[in-house]
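Heads up, the thing below is written out as structure tokens.
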Amino acid sequence: MPQTPPTPEVPSAPRWGERSWLSLSLTALITVADMLTPSGLVVGTLLSAPVALSALGGTRRTTLQLLGVAMAGNLLAMVVNALRDGLTPNDLGNRAVSMLAALLVGGLTLRAREASLRAARLEEESRRLARERALRVLVETVSGPYGQAEFVARAAQALRELTGAASVEIGRVDRAVLRAPHALAPAGGPGRLGTRLPLDVLARPPGSTQVWAVNGGDTLLSRLTRPHEQDLLLIVTGAAAPPDVLAEAVQTLQPLLDRTALLDDLQERQAQLQARGEVLQDLVYAFSHDLRTPLMANAVNMRAALRGAYGPLPEAYRATLHNGLDANGALLALADQLLLVAKYESGDAQDEARSVALRDVVLGVVTQVEPRAQARGVTLEPVLEGVRVRGQAHDLRRAVQNLLDNAARFAPPGSTVQIRLRRDGDEAALSVLDGGPGVPPGREATLFQRFRAGGAGGGTGLGLYLTRRIAEAHGGRVTYTRTARAQSVFTLTLPLEDL
């Protein structure tokens with residue numbers, strides 16, 4: 001927030017201005033007149049006048065110097081008068097009164113001047129604090145997650161209260177026409193929205209500062225700049241506050257407007273990303289659904305052919321059909337994964353959580369994966385405790401299947417994949433241990449992210465990512481570790497069902 005500069009201190013160095021020289025000249029003239037007149041007249045009493053004049057207009061130091069000159073003049077006149085007319089006690093008394101009068105007038109005038117300066121400083125400080133409070137209110141009024149239209153409306157009202165203006169109008173200038181974002185305070189008055197502005201309002205006078213005046217000073221103008229857009233023109237009519245108040249307000253509003261423009265840009269980009277995300281989600285849904293229908297039809301036809309529906313088939317053709325079924329199964333699994341990814345990425349409402357016997361889910365997956373594992377010479381060894389969790393059985397089955405498919409695919413032929421399900425405090429822990437090559441060094445940090453294929457957890461790059469999302473949706477987690485015996489361990493941890 002811009003700060004009003006403090007009132008300059010009274011200079012302490014001696015600076016003899018016109019008033020000081022005038023006081024010195026008067027002192028000299030009065031001293032000469034005192035020496036030329038009889039001692040009974042005590043013209044030296046008049047030396048209080050130049051001392052008072054110096055105290056009112058000069059510095060404290062120059063006043064003290066002049067007071068010393070007045071004392072010296074009094075003494076000089078007394079000596080001259082004594083040599084010429086003699087010295088009586090009455091003359092000494094009059095001379096003492098003259099010197100005391102000069103001292104008293106000088107001291108009192110200095111005190112009065114200092115008191116006046118202190119009062120002026122206090123008044124200026126009060127005005128500065130009042131202005132700062134008003135600027136703080138201005139900031140509080142326009143600050144917030146507002147778009148530019150709301151910002152302009154709040155700024156117009158706040159500027160009117162700050163400057164005491166009859167009206168404040170703010171708008172974007174486009175080809176000499178005032179356009180939105182636009183605001184007028186007070187609302188309902190005759191505004192300039194949509195009208196062509198006169199040249200004296202549009203053109204800033206040469207050499208003008210941030211605020212300039214038109215219409216004989218009745219209207220103050222200023223601009224708020226906007227990057228890559230037209231400036232906002234401020235039209236303040238009948239302001240009670242001086243132009244520098246409006247200048248400070250504009251300096252205060254400028255960074256707030258910049259932030260508002262940034263928020264508008266972020267909101268626009270967020271809306272664009274959301275729209276693109278919805279399009280991609282719809283595409284994934286459509287692709288997955290449209291992919292499943294022909295794949296399932298192909299699978300039905302190929303199985304019918306293998307059962308002999310179309311007569312005896314050559315062995316080579318039967319092998320081709322088996323390969324086609326495997327490929328169809330892989331594509332169907334990919335379609336299921338894409339549907340599940342779209343479901344979790346879109347934040348669609350989950351089905352109602354139900355009690356799930358996790359042991360039964362794991363056994364079902366083992367039965368499904370075991371033929372493929374045996375074809376590679378891999379043995380599945382399940383050791384399962386009976387535990388129950390809450391969630392969606394279908395999603396949990398997919399998470400478990402991803403882990404077991406991964407282990408069966410990468411375990412060396414002739415090895416064993418150990419599957420352990422146990423209670424661990426108030427959690428159920430499913431561990432899948434295999435002797436495969438494990439995750440390449442440096443890839444552990446991205447192992448459970450999308451499309452991070454290569455090594456354990458490879459394939460489509462969605463399996464381990466989906467496992468993580470399913471685990472998190474059920475209040476659990478999935479982790480990977482490598483044992484000292486060069487074995488990979490994936491552990492799915494889920495909270496147990498409250499009994």
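The values are calculated or read from the model by the stated rules, or taken from the named source; none is laboratory data. Keep in mind that this is a model prediction, so the values were computed, not measured. Here the Cβ positions follow ideal geometry from the backbone for every residue, glycine too, while neighbour counts run over all protein chains shown. Each accessible area value is taken on the protein alone, full model and side chains, heavy atoms only, with ligands, DNA and RNA left out. Shrake-Rupley method; radii C 1.70, N 1.55, O 1.52, S 1.80 Å.
Which members of region 419-441 meet the condition of being open to solvent by 50 Å² or more (accessible area, probe 1.4 Å) and part of a strand (DSSP E or B)? If the condition is that a residue be open to solvent by 50 Å² or more (accessible area, probe 1.4 Å) and part of a strand (DSSP E or B), then Arg420, Arg422, Arg423, Asp424 are the ones that fit. Taken over region 290-316, residues that are part of a helix (DSSP H, G or I), at pLDDT below 85 and open to solvent by 70 Å² or more (accessible area, probe 1.4 Å) amount to 7. The set of residues from region 163-173 being open to solvent by less than 40 Å² (accessible area, probe 1.4 Å) and either touching a helix residue (DSSP H, G or I) at 6+ places or on another chain (Cβ under 6 Å) or not in a loop (DSSP other than H, G, I, E, B) (or both) comprises Thr163, Ser167, Val168, Glu169, Ile170, Gly171, Val173. Being modelled with pLDDT under 80, in a helix (DSSP H, G or I), hydrophobic (A, V, I, L, M, F, W, C) and open to solvent by less than 20 Å² (accessible area, probe 1.4 Å) is the requirement here; does Leu340 meet it? Judged against the criteria, Leu340 is a match. For region 389-398, the criterion of being closer than 20 Å to Arg485 by Cβ, open to solvent by 70 Å² or more (accessible area, probe 1.4 Å) and touching a Lys or Arg at 6+ places or on another chain (Cβ under 8 Å) is met by none of the residues.
Is region 89-102 home to any residue that is within 17 Å of Trp21 (Cβ to Cβ) and more than 60 Å from the chain's Cα centre (by Cα)? Break it down into steps so the answer makes sense when it comes.
First pass over region 89-102, keeping only residues within 17 Å of Trp21 (Cβ to Cβ): none.
No, region 89-102 contains no residue that is within 17 Å of Trp21 (Cβ to Cβ) and more than 60 Å from the chain's Cα centre (by Cα).
Considering Leu257, Leu221, the condition of being modelled with pLDDT of 85 or more and open to solvent by less than 10 Å² (accessible area, probe 1.4 Å) is satisfied by Leu221 alone. A count restricted to region 135-159 and to residues that are part of a helix (DSSP H, G or I), open to solvent by less than 70 Å² (accessible area, probe 1.4 Å), out of contact with any Ser or Thr (no Cβ under 7 Å at 6 or more places or on another chain) and touching a residue at least 40 places away in the same chain (Cβ under 8 Å) stands at 4. Every condition in (1) farther than 27 Å from Gly438 by Cβ; (2) touching a residue at least 24 places away in the same chain (Cβ under 8 Å); (3) within 54 Å of the chain's Cα centre (by Cα); (4) in a helix (DSSP H, G or I) holds for Asp395 except the one numbered (1). Count of region 224-252 residues, restricted to those that are open to solvent by 20 Å² or more (accessible area, probe 1.4 Å) and over 17 Å from Leu162 (Cα atoms), is 6. The residue of region 399-418 that is surrounded by the fewest Cβ atoms within 10 Å (Cβ to Cβ), among those that are farther than 24 Å from Asp336 by Cβ and in contact with an Asp or Glu (Cβ under 6 Å, 6 or more places away or on another chain), is Thr416.
Pairing residues of region 190-219 that are touching a residue at least 40 places away in the same chain (Cβ under 8 Å) with residues that are in a helix (DSSP H, G or I), at Cβ distances under 9 Å and at least 6 apart in sequence or on separate chains, gives Arg192/Val201; Gln210/Pro243; Gln210/Leu246; Gln210/Ala247; Gln210/Val250; Gln210/Gln251. If you check Gly194 against the conditions, is it over 15 Å from Gln254 (Cα atoms), in contact with a Leu (Cβ under 8 Å, 6 or more places away or on another chain), open to solvent by 40 Å² or more (accessible area, probe 1.4 Å) and among the small types (Gly, Ala, Ser)? Yes; evaluated as a whole, the condition is true for this residue.
So for region 112-134 (the condition being outside any helix (DSSP H, G or I) and in contact (Cβ under 8 Å) with a residue 60 or more places away in the chain), does at least one residue qualify?
Of all residues in region 112-134, those outside any helix (DSSP H, G or I) come to none.
For region 112-134, residues outside any helix (DSSP H, G or I) and in contact (Cβ under 8 Å) with a residue 60 or more places away in the chain: absent.
Where residues in region 354-384 are over 14 Å from Gln418 (Cβ atoms) and touching a residue at least 40 places away in the same chain (Cβ under 8 Å), which of them is most open to solvent (accessible area, probe 1.4 Å)? Here the answer is Arg359.
Any chance region 79-95 includes a residue that's more than 30 Å from Val245 (Cα to Cα) and among the hydroxyl-bearing types (Ser, Thr, Tyr)? So far as region 79-95 goes, yes, one or more of its residues are more than 30 Å from Val245 (Cα to Cα) and among the hydroxyl-bearing types (Ser, Thr, Tyr).
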